[in-house]
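Novice: Attaching a single structure in structure tokens format; questions to follow.
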């Protein structure tokens, strides 16, 4: 019997194999491109290698997707002069300034290095202000279309969400929007807000729900496709 955990390689694909009490083979690729496989003791190593090899195209596609998402992140790994980040669907660059206020001019964010104790705090403060302004602007625009359905103005929360761009709780009248929506193009932000408001009419993803969404965003499928190129956190 093979050891409970080992590193294997097949067709140039390196993966971590863990033997555990599972019914079927399970393959997982994390956001850093690390591949892991879980299998029970009755699978031979040859069968497991063949399983990994047969999924080579899917693995590559997912890793390529993660690479694109890593580049299109709202928060750069390091906040410094010259750091790049994505905002409203475009790559932006940070330039440090002695001015007391941070401001975006074209594709350059002039980040104040004197207003806060650290650059990280200054950048997060700027992001927070943009989130409030941009996301609430979209909420107010969309709400005008839903007033006629007697939808009450919802309670709005903005915060990072692990795997969603937004969610709606019709019973409590609350919509939560992902802070990382600021990465995406404006039309995608508008679509997400429409999507969540539509749940007040249909708390599901039925054809009736999508019918409401398409009234206000006819090309919503294109927006959903674009959003897959951006990380939710």
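The values are calculated or read from the model by the stated rules, or taken from the named source; none is laboratory data. Please read all numbers here as calculations on a predicted model, not as lab measurements. All Cβ positions, even for glycine, are placed from backbone atoms using ideal geometry, and neighbour counts span all protein chains on display.
Novice: Of everything in segment 17-35, what is out of contact with any helix residue (DSSP H, G or I) (no Cβ under 6 Å at 6 or more places or on another chain), within 22 Å of residue 233 (Cα to Cα) and either surrounded by 15 or more Cβ atoms within 10 Å (Cβ to Cβ) or without any contact (Cβ under 8 Å) to a residue 24 or more places away in the chain (or both)? Give them in sequence order.
Specialist: Within segment 17-35, 28, 30, 34, 35 qualify.
Novice: Sticking with this one: Could you please tell me which pairs satisfy a Cβ distance under 8 Å, a separation of 6+ or placement on different chains, a first residue in segment 200-221 that is in contact (Cβ under 8 Å) with a residue 60 or more places away in the chain, and a second residue that is in a helix (DSSP H, G or I)?
Specialist: Sorted first by the residue in segment 200-221, then by its partner, the pairs are 216/142; 216/145; 216/194.
Novice: Ok, one more. Considering only segment 15-36, state which residues are closer than 26 Å to residue 230 by Cα and part of a strand (DSSP E or B).
Specialist: If the condition is that a residue be closer than 26 Å to residue 230 by Cα and part of a strand (DSSP E or B), then 15, 26, 27, 28, 29, 35, 36 are the ones that fit.
Novice: Continuing with this model, one more query. Take residue 105 and decide whether it is closer than 30 Å to residue 211 by Cα and modelled with pLDDT of 95 or more.
Specialist: Judged against the criteria, residue 105 is not a match.
Novice: On to the next question. Based on what the data block shows, is residue 77 out of contact with any strand residue (DSSP E or B) (no Cβ under 9 Å at 6 or more places or on another chain) and under 21 Å from residue 232 (Cβ atoms)?
Specialist: Criteria met by residue 77.
Novice: Among 6, 46, which is the only one that is part of a strand (DSSP E or B) and either loosely packed, with under 13 Cβ neighbours inside 10 Å or assigned by TED's automatic domain parsing to the domain that holds residue 160 (or both)?
Specialist: That would be 6, the only listed residue that is part of a strand (DSSP E or B) and either loosely packed, with under 13 Cβ neighbours inside 10 Å or assigned by TED's automatic domain parsing to the domain that holds residue 160 (or both).
Novice: Please determine, by comparing only the residues of segment 23-38 that are more than 20 Å from residue 61 (Cα to Cα) and at pLDDT 90 or above, which one is farthest from the chain's Cα centre (by Cα).
Specialist: Per the criteria, the residue is 24.
Novice: Which ones in segment 55-84 are free of Cβ contacts under 8 Å to residues at least 24 places away in the same chain and surrounded by 15 or more Cβ atoms within 10 Å (Cβ to Cβ)?
Specialist: 76, 83
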